[in-house]
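These notes concern the structure reproduced below.
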Amino acid sequence: MQKLGVFVCHCGTNIAATVDVKAVAEALGREPSVVVSTDYPYMCSESGQNLIKDAIREHSLDGVVICSCSPRMHENTFRKAAAQAGLNPYMVEIANIREQCSWIHKDREEATEKAIVLGRAAIAKVLLNTPLTAGESPVTKRALVIGGGIAGIQTALDIAEAGFPVDIVEKEPTIGGKMAQLDKTFPTLDCAACILTPKMVDCAQNENIRILSFSEVEEVTGFVGNFTAKIRRKARYVDETKCTGCGLCTEKCPVKKVPNEFNLGMDNRRAVYIPFAQAVPKVARIDPDWCNMLKNGKCGLCSKVCTVGAIDYKQTDTVLEEHYGAIVAATGYEPIKVDRYGEYAYAQSKDVITSLEFERLTNAAGPTSGTLLRPSDGRHPHTIVFIQCVGSRCTPEMGKTYCSKICCMYTAKHAMLTREKYPDTDVYVFYIDVRTPGKNFDEFYRRAAEEYGVHYIKGAVGKVMPRADGTLDVQASDLIMNEQLHINADLVVLAAAIEPSKTARRLATMLTASMDTNDFFTEAHPKLRPVESPTAGIFLSGVCQGPKDIPETVSQASACAAKVIGLLSKNKLTGNPCVAHSDEWMCNGCSNCASVCPYGAITYLDKDFRMPDRSTKTRRVASVNPAVCQGCGACTVACPSGAMDLYGFSNSQIMAEVDAICK
Amino acid sequence: MKFAYYPGCTLKNRAKALDRTARETAALLGIEFEEIPEWQCCGGAYTSAKDEIATKLASVRALAAGRQIGDGRVVTVCSACYNVLKQTNHEFAVNPDFDFKVNNYLKGEPEYHGEGGVVHYLELLRDEVGFDELKKRVTRPLTGKKIAAYYGCLLLRPSSVLAFDDPENPAVMEDFIRALGAEPVLYSMRNECCGGYLTLTDRETAKRRSAAVKESAREMGADYMITACPLCLYNLTKNTDEPIPVRYFTEVLADALGLGGE
Amino acid sequence: MNNDWKDRIVRMSGAAVQKCMRCGKCSATCPNYGEMEYHPHQFVYMVERGDTERLMASPSIFECLTCFACVERCPRGVEPAKVIEAVRLEVIRQKGANHLKPDDLPAAADEDLPGQALVTALRKFAK
């Protein structure tokens, strides 16, 4: 007869307010095998854990059931406590009577009854538990950072500084990301390029960092400490090892009318180009959609002018395979498409622009060399209207449900800089709320209003109407005055919501990392583990986890690096013993399990078996690599013969739980 | 192609030209309109209140009758009828309580559960005839004419129900104008209200609204305007001093197809 | 604060006044803003507050064109025009509260006025 202990946690009032914890302890104390059953206000506290440890020692317990919060919160805490008292940690079961009971019910009697049932299920399971021992696996001491914006750059630099090699994979021809397109940065107004480009150069010069630009991750296999990634190095038709970035080819190329994506299509580049002056790596790329040589074999001018013979029209994609211990997602964001908000006439008027376009129009390296000119006629705008929250804070049908967080501040920056440089310009900002929670942020916004005379109007713009004279009639509400306004503007700037990069969803699938409904990566814990994905070995840096400004991104990027360094510093990792295993006598070799396994953990072996009639027969049977298996259980469900089972979550354990609930 | 045809009350009196040119052009383009027998007025306005059932029964009966004809979709030419019939039909899909109550009213008549449909003549021209084909059928192209399409509200909103076109930046009438050989004029007020039925209770408001619409079209250089709605046409002609002519889209279509005089 | 009234308007209109985030887009978009004493964002707010009497007594509820521009552009799916329609019905369903009476029609109508205008106005403004 096994001896079990049951420990019911109040979680302050979180559980105790809705569940009669004493009644639960009492009821479960009457279950067969239970020799001790008690309750305590905070079971996770040190004294709570001591209560468990003392009971294990005093009663020589074989198993422990803890009725508390979700196992995601404190399973490890209680397993450790059990181990310290000499009990195998896998002889601990959690009955989740908080998230799955007290938090979701109102009726105390019903909730108490349910808590007892959940406790009984855990008791039924723990009676079938067996002690398990976790295996160990080595750690590949190299990190992969996916995305080369400021987030990826900072994470890579910090990891490299700690002495570990890092690869940055960037899908564009240069690292730098969105920050490279910005003009100045709030709230200090230092120039984005001046603070970013030294970091880009640091990446290029750091011997621990390898930049794989114009490349994309195609496939990731393995598990924490032991990932293998396939990286497609897209053909740029220029030999990266030879190109010196002299730019001669980009001057001679006869194809001059290619929309320049770095300036958001507001000027043109050549078919062979270097994205911008401070690009890293400073290597040209030939755009096959525009290059005459690649399209119809007629030209070859760039090849003739290149003094180092770097042009290679025959270059093809190559695929690099590399091993990593940790992977960082730093895939960043894109502004949403604003065409769908047709009332703002973005598609009708060139003088309705997005804030990122405004950045380029004020940047010295932009299409107007930093002079603010209207895209339609190249004249100075004298009245500018900024519209906030375009596509943010909407219902899901109308846009993004979240606040994009950066718009209030960059709009204050745009408005302030415009008033400083062009004092004869009237600047209006239509806002719902001005959100400035950050160091020196509100002071910055107030300066825009108080010192620079930016007109902040609480209200929304209903419609932007292009007029025959080229101006824009902006119809808006002023909620403080309770008026409807018409402003005759020369330029309208839309603070477009930001959304995760479109590449993030595919990457999340590859990494088996979870995402929220907005396609932001989910963190392991929103407060306590904000830079880790719930999938071990996957880390999150920058806006791919949620909207952030540059200071916050850099902080998070460094935090992320610290977590990666912590992992890479270990020589061995303790695995999860709750993995699948196959009963070779029952396995019929059908391959169902291998086809559903998301981790590629199952292989098939031809094995000799001694049959009951003493003959030897070769049979094809499934074999699970416990180091790769994550214990998801998909194979146990797919197996038609019942050969596949999961340690710690066996079919018989789960059925015992169900039986206990249904009793 | 045969479709159930719901002319609506206004097309039987003040907007006879709209009815006549719609039928004539459709016939020429190989579309047969079979008028729904004994149809009643749709009410002119869809009342969005959830407890308004009886006022929608005339529309329901028209939809129920229309499902027997052609592919079951009812064609309208008037924007208001289109709006009312389509919103009514949509309510069956999203509101079981409405379905239940309507069918209680319909006791003794065949049940109706939203299986019919509603389509505007402009949609037929776009999707069934096709503007490329229409262009080929034009015998008197409107070359050189600058035409401003006036959508108003009823064809476009609520777009989640009507799904007629992009509610802020519609294209169907502009494409229609191009098919007839003319040049469409884009102007901001093409999807803003003309004042509608307020002309009865507050004529000054209707005048201000219509004037704003027409000024916007004039500013962008329109020779004349087209609409699908008799009330819009009334407001834009009777409630403004702006001389730009306003015509039904079907009249312009009839001209381009060589029907009628000139 | 009249909660019964508020609940009835919300139920009748099917509109979600509590979703309003006070951005004022409905009032920014309203073509008939200038003719109103209270404006679309105030309609929504007054219903949310249960401010019955002032709203029901206001001529503003008969100035809504039901053009649905506010419904189309509201970022929160509040549907102000439906709220106003419910309030208007609440008023005209009272005894003798028709805003437009058949007797008024001959004076208001001219020979070109489409029948559509008459039936629409009566549907909107009379029970």
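Data overview
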item: Residues of segment B:233-255 that turn out to be more than 10 Å from every other protein chain (Cβ to nearest Cβ) and part of a helix (DSSP H, G or I), as a count; result: 8
item: Residues located in segment A:542-565, provided they are acidic (Asp, Glu) and either in contact with a helix residue (DSSP H, G or I) (Cβ under 8 Å, 6 or more places away or on another chain) or outside the structural domain of A:Met515 (by TED's automatic domain parsing) (or both); result: A:Asp549
item: Every residue from segment B:173-192 that is within 14 Å of chain A (Cβ to nearest Cβ), of a type in the set (A, V, I, L, M, F, W, C) and either surrounded by fewer than 22 Cβ atoms within 10 Å (Cβ to Cβ) or not in a helix (DSSP H, G or I) (or both); result: B:Val185, B:Leu186
item: Enumeration of residues in segment C:78-123 that are touching a residue at least 60 places away in the same chain (Cβ under 8 Å) and in a helix (DSSP H, G or I); result: C:Pro80, C:Lys82, C:Val83, C:Glu85, C:Ala86, C:Val87, C:Leu89, C:Glu90
item: Segment A:326-355 - residue that is within 30 Å of A:Ala536 (Cβ to Cβ) and touching a Phe, Trp or Tyr at 6+ places or on another chain (Cβ under 7 Å) and, of those, nearest to the other protein chains (Cβ to nearest Cβ); result: A:Ala329
item: Matching residues, segment A:257-301, being within 29 Å of A:Ile209 (Cβ to Cβ) and assigned to a helix (DSSP H, G or I); result: A:Glu261, A:Phe262, A:Asn263
item: Any hit, segment A:336-347, residues being more than 22 Å from A:Cys407 (Cα to Cα), open to solvent by 20 Å² or more (accessible area, probe 1.4 Å), without any contact (Cβ under 8 Å) to a residue 60 or more places away in the chain and not in a strand (DSSP E or B); result: no
item: Subset of segment A:68-82 (residues that are surrounded by fewer than 16 Cβ atoms within 10 Å (Cβ to Cβ) and small (Gly, Ala, Ser)); result: A:Ser70
item: Considering residues of segment A:379-394 that are open to solvent by less than 10 Å² (accessible area, probe 1.4 Å) and not in a strand (DSSP E or B) only, the residue nearest to the other protein chains (Cβ to nearest Cβ); result: A:Cys394
item: Condition check for A:Lys282: outside the structural domain of A:Glu532 (by TED's automatic domain parsing), within 30 Å of A:Gln556 (Cα to Cα) and among the basic types (Lys, Arg); result: yes
item: Matching residues, segment B:214-232, being at the interface with another protein chain (Cβ under 8 Å from one of its Cβ atoms), under 26 Å from B:Thr143 (Cβ atoms) and assigned to a helix (DSSP H, G or I); result: B:Ser216, B:Glu219
item: Residues of segment A:628-647 satisfying the condition of being more than 24 Å from A:Leu511 (Cβ to Cβ) and either of a type in the set (D, E, K, R) or within 32 Å of the chain's Cα centre (by Cα) (or both); result: A:Asp645, A:Tyr647
item: Enumerated strands (runs of 3 or more DSSP E) restricted to segment A:175-245, each holding at least 2 residues that are touching a Leu at 6+ places or on another chain (Cβ under 9 Å) and over 20 Å from A:Ala557 (Cα atoms); result: A:215-223, A:226-233
item: Test: residue in segment C:81-90 that is facing chain A (nearest Cβ under 9 Å) and on the phi < 0 side of the Ramachandran plot; result: no
item: Filtered residue count, segment B:19-59, keeping only those that are farther than 19 Å from B:Asp99 by Cβ, within 14 Å of another protein chain (Cβ to nearest Cβ) and assigned to a helix (DSSP H, G or I); result: 1
item: Matching residues in segment A:352-378 - criterion: being closer than 19 Å to A:Val474 by Cβ, open to solvent by less than 10 Å² (accessible area, probe 1.4 Å) and assigned to a loop (DSSP other than H, G, I, E, B); result: A:Leu372
item: Unmet requirement for A:Arg98, which otherwise passes all of (1) open to solvent by 50 Å² or more (accessible area, probe 1.4 Å); (2) in contact (Cβ under 8 Å) with a residue 60 or more places away in the chain; result: (1)
item: Total residues in segment C:55-66, condition within 12 Å of another protein chain (Cβ to nearest Cβ) and open to solvent by 10 Å² or more (accessible area, probe 1.4 Å); result: 6
item: Extreme residue, most open to solvent (accessible area, probe 1.4 Å), among residues of segment B:193-213 that are without any contact (Cβ under 8 Å) to a residue 40 or more places away in the chain and within 14 Å of chain A (Cβ to nearest Cβ); result: B:Arg208
item: Strands (runs of 3 or more DSSP E) contained entirely in segment A:554-661, each with at least 1 residues that are closer than 21 Å to A:Pro138 by Cβ and out of contact with any Leu (no Cβ under 7 Å at 6 or more places or on another chain); result: A:572-574, A:602-610, A:616-624
item: Failed item in (1) under 18 Å from B:Pro167 (Cβ atoms); (2) more than 7 Å from every other protein chain (Cβ to nearest Cβ), with C:Tyr38 passing the rest; result: (1)
item: Lone qualifier among A:Asp490, A:Asp469, A:Asp424 - being open to solvent by 20 Å² or more (accessible area, probe 1.4 Å) and either touching a Ser or Thr at 6+ places or on another chain (Cβ under 9 Å) or touching a residue at least 60 places away in the same chain (Cβ under 8 Å) (or both); result: A:Asp490
item: Which numbered condition B:Pro170 misses (of (1) surrounded by fewer than 24 Cβ atoms within 10 Å (Cβ to Cβ); (2) within 14 Å of chain A (Cβ to nearest Cβ); (3) over 18 Å from B:Asn83 (Cβ atoms)); result: (3)
item: Residue within segment C:25-34 that is aliphatic (A, V, I, L, M), within 14 Å of chain A (Cβ to nearest Cβ), buried (at least 19 other Cβ atoms within 10 Å of the Cβ) and more than 27 Å from B:Val94 (Cβ to Cβ) present; result: yes
item: Test: residue in segment A:241-250 that is open to solvent by 40 Å² or more (accessible area, probe 1.4 Å) and among the hydrophobic types (A, V, I, L, M, F, W, C); result: yes
item: Residues located in segment B:1-16, provided they are buried (at least 16 other Cβ atoms within 10 Å of the Cβ) and more than 12 Å from chain C (Cβ to nearest Cβ); result: B:Phe3, B:Ala4, B:Tyr5, B:Tyr6
item: Residue match in segment B:140-153 (condition: away from chain A (no Cβ under 13 Å), hydrophobic (A, V, I, L, M, F, W, C) and within 30 Å of C:Val78 (Cβ to Cβ)); result: yes
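Residues are listed down the side, and each one gets a yes or a no for (1) under 34 Å from the mean Cα position of the chain (by Cα); (2) part of a helix (DSSP H, G or I); (3) not basic (Lys, Arg):
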site: A:Ala55; (1), (2), (3): no, yes, yes
site: A:Val65; (1), (2), (3): no, no, yes
site: A:Met73; (1), (2), (3): yes, yes, yes
site: A:Gly86; (1), (2), (3): no, no, yes
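The values are calculated or read from the model by the stated rules, or taken from the named source; none is laboratory data. In this text, all values refer to a predicted model and were calculated from it rather than measured experimentally. So basically every Cβ, Gly included, is an ideal-geometry build from the backbone, and we count neighbours across all protein chains shown. Ligands, DNA and RNA are excluded from the accessible area calculation, which covers all protein heavy atoms including side chains. Shrake-Rupley method; radii C 1.70, N 1.55, O 1.52, S 1.80 Å.
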